[in-house]
Amino acid sequence: METTVKERIFDRYYIPKPIYDVVEYIAGWARKFSIWPVHFVTGCCSPEFMQVSGSRFDMERLGILPFASVRQTDCLMIVGVISRKMGERVKYLYDQMGEPKYVVSVGACPTGKGPFHDSYSVVRADELVPVDVYIPGCPPRPEAIIQGMMLLQEKIKREVKIGARRG
Ligand code: SF4
């Protein structure tokens with residue numbers, strides 16, 4: 001069974017719980033404001049996603065910096081429609097990311113197939129990978145994307161264990 005960072009630290013050193021709690025709080029706070037999402041943009045939601053990186057909405061002011069290398073990122077933003085064939089790439093990207101990692105489904109298509117709900121070839125994001133935040137809309141407004149990322153920040157802050165996802 002895989003051990004968490006917390007378990008490894010406790011195995012080696014004695015750390016009083018109050019000190020550990022403070023360290024854990026600081027680590028959660030730092031992780032909350034340093035999300036590096038890799039973006040998997042396949043559909044017409046992309047102009048809205050571009051806007052959140054622009055000067056008007058400016059996602060970077062929240063510490064969220066889109067990054068193009070999956071091994072250095074901790075969040076996968078799935079933006080737009082995913083076909084069954086493309087789904088293999090989504091899983092491939094997700095598997096390359098280190099723990100802890102999060103997934104945000106942006107728009108009606110990855111959340112519930114959107115206008116392609118009766119298509120034979122379109123899949124939902126949660127059929128492929130575990131999704132942490134769903135952002136509705138077709139397309140979602142940039143404000144909705146920002147709010148979804150703020151919800152993810154709250155989730156990260158509340159996580160109790162370092163290096164382990166909350167169930
Ligand atoms: S949710 Fe709407 S805007 Fe976004 S990719 Fe699907 S059809 Fe296009």
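The values are calculated or read from the model by the stated rules, or taken from the named source; none is laboratory data. What you see is a predicted model; the values in this text were computed from it and never measured. Neighbour counts run over all protein chains shown; Cβ positions are idealised from the backbone, glycine included.
Laid out as a table, the results:
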| quantity | calculated |
| --- | --- |
| Residue match in segment 155-165 (condition: modelled with pLDDT of 90 or more and among the basic types (K, R)) | no |
| Leading residue by the ranking (nearest to the ligand (Cβ to nearest atom)) among those in segment 57-85 that are more than 25 Å from W29 (Cα to Cα) and surrounded by fewer than 18 Cβ atoms within 10 Å (Cβ to Cβ) | S83 |
| Pairs, first of a type outside the set (K, R) in segment 112-130, second surrounded by 14 or more Cβ atoms within 10 Å (Cβ to Cβ) and part of a helix (DSSP H, G or I), C-beta under 6 Å, six or more apart | G114/A108; V122/F116; V123/G87; A125/P110; L128/G87; L128/V90; V129/Y94 |
| Positions within segment 103-162 being crowded, with 17+ Cβ neighbours inside 10 Å and hydroxyl-bearing (S, T, Y), in sequence order | S105, T111, Y134 |
| Of residues in segment 122-154 being more than 25 Å from S55 (Cβ to Cβ), part of a loop (DSSP other than H, G, I, E, B) and charged (D, E, K, R), the one nearest to the ligand (Cβ to nearest atom) | R124 |
| Verdict on I9 being more than 16 Å from the ligand (Cβ to nearest atom) and modelled with pLDDT of 80 or more | no |
| Complete set of residues in segment 28-55 that are touching a residue at least 60 places away in the same chain (Cβ under 8 Å) and surrounded by fewer than 16 Cβ atoms within 10 Å (Cβ to Cβ) | W29, F33, C44, P47 |
